[in-house]
Amino acid sequence: MATPLDGYSDDDSDLDAAALRVLFRDMTPVAVSPAPAAGIPYTPEFVTVLGLVRAATAADEVSPRALLATAAALVHHNAADYSVWEYRRRVVRQLAQRAADDAAAAAAAAAAKGCSSSDGRGGCDAAAAAATAAVYAEELKFTFRVGRCAEKSYQVWHHRRLIAAVASTAAVEADYVAAFHAADPKNYHAWAHRQWAAAYWAVDPVSEVEYADALLTDDVRNNSAWAHRHFALVRLPGLAAVAHTAGEATAAGEATAGEEASAAAPPARPSPSAPDEADRLAAACPTELAYATAALRRVKDNRSAWAYLLWWARVADPPTRAAVIADVGALVAEAPTARLPPVMLGRLRSLG
């Protein structure tokens, strides 16, 4: 199936300034003027590439070559340029819509001539959906390429989230995050993206607990994994995927600025009935206290495990809390020279 991105690949973002000048020979680059007070010595290539992107933006151009220009700017010059990302996102949305319209028209024409087995309107809709998916699939591939080079750029992750909201799945995003955690298990952006995806697609909290457990098995001091386990058990069950509708509108280019912010942010936490939440936490409490205690047996001065245990001890009933204090007290006695355990045990006992 032909799409507006035919011929585009990751390698196309390797076009240099000279090649882009030929591609945009009908446009004059918009000057990139350094600030007079604190000028930045931009390279000539940077000035050319960004100038062409600015010219395309000013002309509101929607074309495959606009994607090539933004790709060159983001991959090789500044992956954090939010203006370039915003323009690229508009281009992708409109190319996706154009591809959908063309595919639907082609399907309708084929059906009218009797040379297609598609079922009328349904066949047109299917063709449009497939064309749209093809455009967004290429964009998801592109975010991975940029992300590998700028794994802690807010703008890269923001763009990925808005595209993923209408073109990805929970499983795909989980794999995407895992690829980044393989290199840096504490990458904050990757953890935030996984939490957003889990809430957005209403993922089973058990799978998120298992993911956190796998990383804690590798490194019991991984505070990010401890935080994710807490998120999965405490916050995720009560999160409503309110970002879903806003995410669809945003990727389709119909969202207001407020809606785009809503799609990018984690879903708001509703107000579950207090008895339901209390019962859920009470049911999980013994298991989590045992989990944290087992982690402290491995590393007694693990501040993250102590913080996790203290949180669950606060919601435990008095008999359960007393049993934990006794168990942990025995652990602390095994490490008389450690400085942190006695302090944390004191805090635990202060809970009563």
Using alpha-carbon pairs under 8 Å, 6+ residues apart, how would you state the relative contact order of the range 78-210 in percent?
22 percent
Simple label model, 7 Å out from Cα along Cβ direction - D16 to R148, nm:
2.2 nm
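Summing Lys, Arg as +1 and Asp, Glu as -1, what charge do residues with Cβ under 12 Å from the Cβ of H181 carry, H181 excluded?
Values: positive: K186, R194; negative: E151, D175, D184, D218, D219.
Taking every Cβ under 12 Å from that of H181, the sum is -3.
Any read-out appearing in this document is the output of simple, stated calculations on the displayed coordinates, not a laboratory observation. Predicted model only: the values in this text are computed from it and were never measured. Counting neighbours? That spans all protein chains shown, and the Cβs are built from the backbone with ideal geometry, glycine included.
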